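Below you'll find the structure, written out as structure tokens, and then a few comments.
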Amino acid sequence: MTEATLGSRFTFPGTSLTVQRIGYGAMQLAGPGVWGPPKDPDGAVTVLREAVAAGVNHIDTSDFYGPHVTNEIIRRALHPYPAGLVIVTKLGARRPPDKSWQPAISSQDLTAGVHDNLRNLGLDALDIVNYRAMGAIHGPAEGSIAEQVTVLADLQRKGLIRHIGLSNATAAQVAEARKITPIVCVQNNYNLAHRHDDAMIDDLARQGIAYVPFFPLGGFTPLQSSVLNDVAAALGATPMQVALAWLLHCSPNILLIPGTSSLAHLRENLAAGQLTLSPQTLVKLDGIASAAVKH
């Protein structure tokens, strides 16, 4: 892989952190339901090492994946970390023994979460920490996040966090957070069929702030579209490769973090950066969101 095939480069605003636009999301390295260890820990290590060897230098993770599992695997696979590798983690949730996802948003929770990430990743400071607002079942929910962002800003001043981002956030929450501290990235649910953040992406692009779609391939309900299938067949690609390539074409501030525990899927995801989509193809793909809304 080269810079061109991994979607070119992006520098987080106000930082020296420059990444390839196709990165890697570590959530699927944990066991089923993002709980416990994977069936094949050695295979998970191999996937991470191949991603980095291919040029990936942006890894998304969280200590509540597992919990602790993905960070421990990342440390085993890659520590001491190569120069230029950017590890982005997130706070705001915890995983009790019943395997549920519960908010962890008090000052004590967030501070403990930073120290958990530092310990399990083997780091002295975290490159980027996203505060993940729990929101509603189907997406972000309005409400002040000032208290939580202020806690992270305090931890930043103490040198434990270098930069701050948000996840599952509304436009109003992004604006609120930016009054407290610089925000370098926003990570929300976005893909071909789920385009509620179009206006936010445009606004963030004007500010040079990264937008990182989670569930770029639909998440737990993978994208299904005859249009997507037809375009993929015409290009000799897979539907998921086309969905990733479309995101790269959407806006220069979009960074991808597709996750997988499979070497074959990793290679497939990284190869999406080599696809060129014509204006006519982009028009066809843009119609998928309208069709999804009608249904």
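The values are calculated or read from the model by the stated rules, or taken from the named source; none is laboratory data. None of the values given here were measured: they were computed from a predicted structure. Backbone-built Cβ (ideal geometry, glycine too); neighbour counts: all protein chains shown.
Observations
Listed here are the residues, each with its yes/no results for (1) touching a residue at least 40 places away in the same chain (Cβ under 8 Å); (2) in a strand (DSSP E or B).
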position	(1), (2)
LEU152	yes, no
GLN156	no, no
ARG162	yes, yes
GLY165	yes, yes
GLN173	yes, no
THR181	no, no
CYS185	yes, yes
ASN188	yes, yes
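- Scope region 70-100; condition surrounded by 24 or more Cβ atoms within 10 Å (Cβ to Cβ) and either touching a Gly at 6+ places or on another chain (Cβ under 6 Å) or not small (Gly, Ala, Ser) (or both); matching residues: THR70, ASN71, ILE73, ILE74, VAL88, THR89, LYS90, LEU91
Matching residues to (1) surrounded by fewer than 21 Cβ atoms within 10 Å (Cβ to Cβ); (2) at pLDDT below 95:
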site	(1), (2)
ARG195	yes, yes
ARG206	yes, no
GLY218	yes, yes
LEU255	no, no
THR276	yes, yes
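- The residue list ALA93, ALA51, ALA30 contains one member that is within 20 Å of GLY135 (Cα to Cα), aliphatic (A, V, I, L, M), in contact with a strand residue (DSSP E or B) (Cβ under 8 Å, 6 or more places away or on another chain) and in contact (Cβ under 8 Å) with a residue 12 or more places away in the chain, which is ALA93.
- Selection status of ALA193, farther than 12 Å from ILE254 by Cα and of a type outside the set (Val, Ile, Thr): yes
The rows are residues; the columns are (1) at pLDDT 95 or above; (2) in a strand (DSSP E or B); (3) under 28 Å from SER251 (Cα atoms).
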| site | (1), (2), (3) |
| --- | --- |
| GLU50 | yes, no, yes |
| ALA77 | yes, no, no |
| THR89 | yes, yes, yes |
| LYS99 | yes, no, no |
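- Among the residues of region 113-134, those identified as exposed (fewer than 15 other Cβ atoms within 10 Å of the Cβ) and either in a helix (DSSP H, G or I) or of a type in the set (Val, Ile, Thr) (or both) are HIS115, ARG119.
- Number of the exception - ALA104 against (1) within 24 Å of GLN241 (Cα to Cα); (2) in contact with a helix residue (DSSP H, G or I) (Cβ under 7 Å, 6 or more places away or on another chain); (3) among the small types (Gly, Ala, Ser): (1)
- Residues in region 122-142 that are modelled with pLDDT of 95 or more and over 16 Å from the mean Cα position of the chain (by Cα): GLY122, LEU123, ASP124, ALA125.
- Answer from ALA245, ALA271, ALA237 - the residue that is touching a residue at least 24 places away in the same chain (Cβ under 8 Å), in a loop (DSSP other than H, G, I, E, B) and within 30 Å of ARG49 (Cβ to Cβ): ALA237
- Members of region 252-281 found to be more than 16 Å from the chain's Cα centre (by Cα), of a type in the set (Gly, Ala, Ser) and closer than 26 Å to LEU17 by Cα, listed by number: ALA271, ALA272, GLY273
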